[in-house]
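Engineer: Just passing along the structure, written as structure tokens.
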Amino acid sequence: MIKIRKLKPADIRKIQEMVEYIQPGHSSIFVSEDYFTLFPLDLFHNLLPPNMRFLQECFVAAEDKNLLGLIGLVPDGQQKTRWKINRLILDINAYEIGQQLIDFVVNRYGGSGVETFITTIDEKYPEAISLFKNACKFRSCSHIHIWEKDNLEINTDFKNIGLLREVKISDASKLRELDAQTLFSQFRTSLIKNIADYKFGLKNKIFNQIKGLKIKRFVLDNPGINSIEGYVLIMSKDNENFWADIILSLAYQDYYEDILNYIIRYVKSQNENAKLHVYSRKYYQSNKKLVEVLAKQNFKPSHSFQVLVKDYWKITPVTSEDKKSPIIIFPDITSPACNSLKMNKFGR
């Protein structure tokens with residue numbers, strides 16, 4: 001009989017062996033202990049109600065002593081009523097196990113107050129998308145594209161942006177307003193952030209240091225009307241690959257080119273040979289202008305992800321399809337290690 005239970009420390013080695021057998025050399029990248037909440041911290045975390053939890057939670061499907069799959073989820077930022085499924089590992093021929101794991105966490109957390117579940121999947125893996133959409137009734141919400149470029153060059157016509165400054169804790173409320181205003185209206189219910197997501201204080205800095213992340217945040221300030229018109233995030237873990245997120249209001253979207261040049265200058269000051277990756281999020285109204293600027297500066301698209309959503313309280317009818325190849329694993333693209341691993345090409 002198949003049983004779904006919490007991940008135990010002893011399970012990690014088995015999961016690593018599963019990945020290592022199919023894709024040698026990748027177990028330490030995709031299934032390191034850093035991804036899991038282990039004893040004794042997990043005991044304390046399990047006592048908290050879902051709206052107070054903040055760490056990764058994982059469950060495994062087991063039959064006797066054999067592990068057939070793993071699923072992981074975590075609160076989506078500070079939005080405790082929205083959780084993100086960011087880990088899914090399935091053994092050979094375990095498509096139905098994947099459906100059981102997804103349905104299990106949706107029902108378990110949905111019954112405890114979680115309203116929305118979200119996941120992002122590389123479009124190169126249609127089996128994963130089919131599993132979520134057709135078997136588990138997730139719906140397509142939007143897309144995220146990643147553009148990249150090495151051999152970075154600073155535009156000699158670069159203009160200094162006087163309105164750009166480092167973010168402050170007091171900016172949180174205005175940044176939340178920016179997020180609400182720049183999202184297309186149809187995405188606000190599923191994707192909007194709250195004020196706590198933009199409070200980047202000491203706790204946030206310590207957390208990033210523990211994870212080995214180097215992060216800089218800026219805002220495009222407009223003191224004349226007491227508003228913030230843009231938000232910029234630059235992140236790196238290895239000082240070789242830098243990741244940038246840029247969100248501008250429609251009124252200030254013409255600043256994308258100058259801000260991108262500012263980011264390039266900053267990245268090159270950290271590492272002359274660095275590579276820059278830029279997120280393009282289609283659910284923001286000014287994204288089209290960002291894409292034009294990236295293409296103009298010879299950035300190339302490298303990854304495309306579908307954003308899938310399921311509202312626990314709303315049934316979304318989806319036509320079923322025949323089962324596809326079931327063996328998948330995908331990472332959280334918010335991590336600097338943005339890779340995808342397909343497991344169904346190999347026998348076991």
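Engineer: If I ask for residues that are surrounded by fewer than 20 Cβ atoms within 10 Å (Cβ to Cβ) and out of contact with any helix residue (DSSP H, G or I) (no Cβ under 9 Å at 6 or more places or on another chain), which ones from segment 231-251 would you list? Spell out how you get there, then give the answer.
Structural biologist: Start the filter on segment 231-251 by keeping residues that are surrounded by fewer than 20 Cβ atoms within 10 Å (Cβ to Cβ), which leaves 233, 235, 237-241, 245, 250-251.
Selection gives Leu233, Lys237, Asp238, Glu240, Asn241, Asp245, Ala251.
Engineer: List pairs: first residue in segment 201-216 and farther than 18 Å from Asp171 by Cβ, second residue hydroxyl-bearing (Ser, Thr, Tyr) anywhere in the structure, Cβ distance under 7 angstrom, at least six positions apart or on different chains.
Structural biologist: From segment 201-216, the pairs are Lys214/Ser236.
Engineer: Next question. Identify, by number, the condition in (1) loosely packed, with under 15 Cβ neighbours inside 10 Å; (2) under 25 Å from Ser304 (Cβ atoms); (3) in contact with a helix residue (DSSP H, G or I) (Cβ under 6 Å, 6 or more places away or on another chain); (4) not small (Gly, Ala, Ser) that Gln186 doesn't meet.
Structural biologist: (3)
Engineer: Within segment 138-175, how many residues turn out to be in a helix (DSSP H, G or I) and surrounded by fewer than 16 Cβ atoms within 10 Å (Cβ to Cβ)? Write out each step before concluding.
Structural biologist: Of all residues in segment 138-175, those in a helix (DSSP H, G or I) come to 169-175.
Checking which are surrounded by fewer than 16 Cβ atoms within 10 Å (Cβ to Cβ) leaves us with 169-170, 173.
Residues meeting the conditions: 3.
Engineer: Just need a number here: residues in segment 293-309 that are in contact with a helix residue (DSSP H, G or I) (Cβ under 9 Å, 6 or more places away or on another chain), surrounded by 13 or more Cβ atoms within 10 Å (Cβ to Cβ) and not aliphatic (A, V, I, L, M).
Structural biologist: So the answer is 4.
Engineer: Restricting attention to helices (runs of 4 or more DSSP H) lying wholly within segment 1-92, give those where 2 or more residues are at pLDDT 80 or above and surrounded by 15 or more Cβ atoms within 10 Å (Cβ to Cβ). Walk me through how you get there before you give the answer.
Structural biologist: Details: elements: 9-22, 27-30, 41-46.
The helices (runs of 4 or more DSSP H) meeting that bar are 9-22.
Engineer: When the residues of segment 231-280 are narrowed to those that are of a type in the set (Lys, Arg) and more than 24 Å from the chain's Cα centre (by Cα), which ends up nearest to Gln297 (Cα to Cα)?
Structural biologist: Within segment 231-280, the match that is nearest to Gln297 (Cα to Cα) is Arg265.
Engineer: Is it true that Lys203 is closer than 30 Å to Glu57 by Cβ and under 17 Å from the mean Cα position of the chain (by Cα)?
Structural biologist: When the stated conditions are applied, Lys203 does not pass them.
Engineer: Right, here's the next one. Among the residues that make up segment 56-64, is at least one of them within 25 Å of Gly212 (Cα to Cα) and more than 16 Å from the chain's Cα centre (by Cα)?
Structural biologist: Yes, that holds for at least one residue.
Engineer: Can you name the residue in segment 209-230 that is surrounded by 15 or more Cβ atoms within 10 Å (Cβ to Cβ) and among the polar types (S, T, N, Q) and, of all such residues, is farthest from the chain's Cα centre (by Cα)?
Structural biologist: This residue is Asn222.
The values are calculated or read from the model by the stated rules, or taken from the named source; none is laboratory data. Note that the structure is predicted; figures quoted are calculated from it, not measured. Don't worry about glycine lacking a Cβ; one is built from the backbone with ideal geometry, like all the others, and counts go over all protein chains shown.
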